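Beneath this line is the structure, given in structure tokens, with notes to follow.
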Amino acid sequence: MKNKHLIVSILIMAILVTGCASASTPTPTAAPPSPLDSSLSIKGHLLICSDIPYPPQEFYDANGIPQGLDVDIGNEMAKRLGLQVQWVNSVFDTIIAAVTSGKCDIIISAQNITPDRQKQVSMIPYFQAGQSFVALKGNPNNINTPMDLCGKSAAAESGTTEADYLQGTGTFEGKGLTQQCTSAGKPAVNVVVTQKDTDALQQLQAGKVVIYSTDSPVAAYYTVQHPDLFQVVGQIIEPIQEGISVPCGQADCTNAPLSAVGQAVHDTLKAMMADGTYLNILQKWNLADGAVTLP
């Protein structure tokens, strides 16, 4: 064998060096703790609450691993902050309580930015989407405008802007579609509110409602995945910005300064926008038209 004697000599020297080494040889220095650790639920981890599934923004793949636009954004943020990401599947109408109680550190879950929510958490804009109506293929009930829903049934997930719009609650207090119908002398909308968005879709698929209302990217996703079952009907209702929610530590977050975690999220998102990573993620999910800029 070539260089046999040289190899033997190297091995002998290695054994001698090892034998002479002190038993107190220091171990490699551990990575320094994150400056955010004192503000996080678990040191070294970024716990992100999200209502899964809500494709294409958040959903599980065949192996049960979270995927989607929001997931890619959250994963990239955690990576840049030097934190281990952990996704916490949450019920949407209690998701703000989850972050304010410390169950998670931030929320990335297609949350529209509304005055009511801004009183409870600080919201950093990262995307925008409209609301859409989904009907069974062929639109058997001929729903082409919101007013066509008067006297008919529609399903939406609890706590969402869609449910508020249909019922006239929350941001749409007293001015939702139900109120528009009754003001025009027509029957109110029969609104079916479900705990998960997928439950609302199943209400439509089972024929229990004539419309399923959800964010426009989600509506488009389901109709593309199941063109033989569903179709989007009518016009997209005006887009609203979505925000990453972080606790503010005050009773009213409307004008509160960002917390340490909130500022870190803001600055990281801004850097992702500046270097093109943010737009690349949106383009990956065919959602570039929902891009926003930070104020």
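Read-outs throughout are calculated quantities, based only on the coordinates presented, and are distinct from any laboratory measurement. Since we're looking at a predicted model, the values are computed, not measured. Virtual Cβ from ideal backbone geometry, glycine too; neighbours counted across all protein chains shown.
Computed from backbone phi, the HN-Hα couplings of the range 239-255 come to x, 10, 5, 9, x, 7, 9, 9, x, 10, x, 10, 5, 10, 8, 3, 10 Hz, rounded to whole numbers (Karplus: 6.51 cos²θ - 1.76 cosθ + 1.60, θ = phi - 60°; Gly and Pro given as x).
3J(HN,Hα) along the range 94-110: 10, 6, 5, 4, 5, 7, 6, 8, x, 5, 8, 8, 9, 10, 10, 7, 6 Hz, from the Karplus curve 6.51 cos²θ - 1.76 cosθ + 1.60 with θ = phi - 60°, whole Hz, x for Gly and Pro. Return the loop-located GluC sites (Glu not before Pro) in the range 140-214 (DSSP other than H, G, I, E, B) with at most 14 other Cβ atoms within 10 Å of their own Cβ; answer none if there are none. Qualifying residues, ordered by number: GLU173.
In order along the range 174-187, the Karplus-derived 3J(HN,Hα) couplings, from 6.51 cos²θ - 1.76 cosθ + 1.60 at θ = phi - 60°, round to x, 9, x, 5, 4, 5, 5, 5, 5, 5, 8, x, 10, x Hz, and Gly and Pro are given as x. Each Cα pair under 8 Å and six or more residues apart adds its separation to the average, and for the range 130-240 the resulting relative contact order is 44 percent. Pick out, from GLY207, VAL134, ILE42, the residue whose Cα sits farthest towards the positive end of the charge dipole of the chain, with +1 on the Cβ of Lys and Arg and -1 on the Cβ of Asp and Glu. Going by the charge dipole, the pick is ILE42.
A helix-only calculation puts the chain at -9500 deg cm²/dmol for mean residue ellipticity at 222 nm, using -39500 (n - 2.57) for each DSSP H run of at least four residues, averaged over all residues.
Largest GNM mean-square fluctuation across ASN75, ASN144, ASN255, computed for the chain with C-alpha springs under 10 Å, falls on ASN255. Amide H to amide H, with H built 1.01 Å from N, GLN111 comes under 5 Å of GLY243, counting only residues 5 or more places away or on other chains.
Note on HIS226, HIS266: ascending count of other Cβ atoms within 10 Å places them as HIS226, HIS266, the fewest first.
Only one of (i) 25.3, 100; (ii) 18.0, 56; (iii) 45.1, 169 was calculated from the structure for Rg and Dmax of the Cα atoms in Å, and its label is (i). Among the listed pairs LYS43/LYS79; LYS196/LYS284; LYS175/LYS208, those whose Cα-Cα separation exceeds 18 Å are LYS196/LYS284; LYS175/LYS208.
Amide H to amide H, with H built 1.01 Å from N, GLY130 comes under 5 Å of SER216, ILE240, counting only residues 5 or more places away or on other chains. Residues whose amide H comes within less than 5 Å of that of SER122, counting only those at least five positions distant or on another chain, are VAL246, CYS248 (H built at 1.01 Å from N in the peptide plane). Net charge dipole, the chain: roughly 740 debye, given to the nearest 20, about the Cα centre with Cβ charges of +1 for Lys and Arg and -1 for Asp and Glu.
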